[in-house]
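Chemist: Quick one: this structure, given as structure tokens, is what I'll be asking you about.
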Amino acid sequence: MRKLTFFMLAVGLVATLFTACKKDEDHEIPAGGAFTVEGQSYPTDIATWSTSNGLVIKNIGVSPDYIENYVRVIIDSLNYPTYTYLSRNNGAYDAKKNFSSAEVRYNKTNVAGQGTDITGVTAGTINVKKEGADLYSIEYNITVDNKVVSGRYRGKIVK
């Protein structure tokens, strides 16, 4: 009887260890990505979208300087898989699948007050893929002020 009790206790302990070491399948995937402009990469860790500000993909500025780098594209929704640049003055412009404005801020020196803001988008594509209730994967390649800006972001989008 003692051997049976010891055996059952050992089996229970081993089962507990395997259960405790089970991979958590509900873990949250950290948001993130980066964009590149003029050969330099800038990390991004948050994205927001609203009808007034469009899609903004940026880093979270850190104390003491709170230097912020971002890509902002005015798109009316996140429901279409591919958005392409087209001037709003073009008769073929469709807000459901085109964008006409973008702004990029980046700081090459990482010194407060030394950032560069560029506007004047002339070309580009933004691919949006919804991967779940709140998870998005975004890839973009746009030309702003004659500079190619390309990047990726994967994570939740704050609305």
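No value in this document is a laboratory result; all are computed from the given coordinates. Given the structure is predicted, the values throughout are model-derived calculations rather than measurements. Here the Cβ is made from the backbone with ideal geometry for all residues, glycine too, and neighbour counts use every protein chain on show.
Chemist: Every residue in region 88-120 that is more than 15 Å from L55 (Cβ to Cβ), of a type in the set (A, V, I, L, M, F, W, C) and in contact with a Phe, Trp or Tyr (Cβ under 9 Å, 6 or more places away or on another chain), please.
Modeler: A112, I118
Chemist: Let me ask you something else. For region 73-82, does any single residue satisfy the condition of being aliphatic (A, V, I, L, M), closer than 21 Å to G32 by Cβ and assigned to a strand (DSSP E or B)?
Modeler: yes
Chemist: A further question on this structure: So if I check each of I67, I142, I138, I60, which one is closer than 20 Å to A34 by Cβ and surrounded by fewer than 12 Cβ atoms within 10 Å (Cβ to Cβ)?
Modeler: I60
Chemist: Go through region 145-159 and give me each residue that's touching a residue at least 60 places away in the same chain (Cβ under 8 Å) and not basic (K, R).
Modeler: Selection gives V148, V149, S150, G151, Y153, G155, I157, V158.
Chemist: Answer with yes or no whether A95 is surrounded by 13 or more Cβ atoms within 10 Å (Cβ to Cβ), over 21 Å from L135 (Cβ atoms) and of a type in the set (G, A, S).
Modeler: Yes; evaluated as a whole, the condition is true for this residue.
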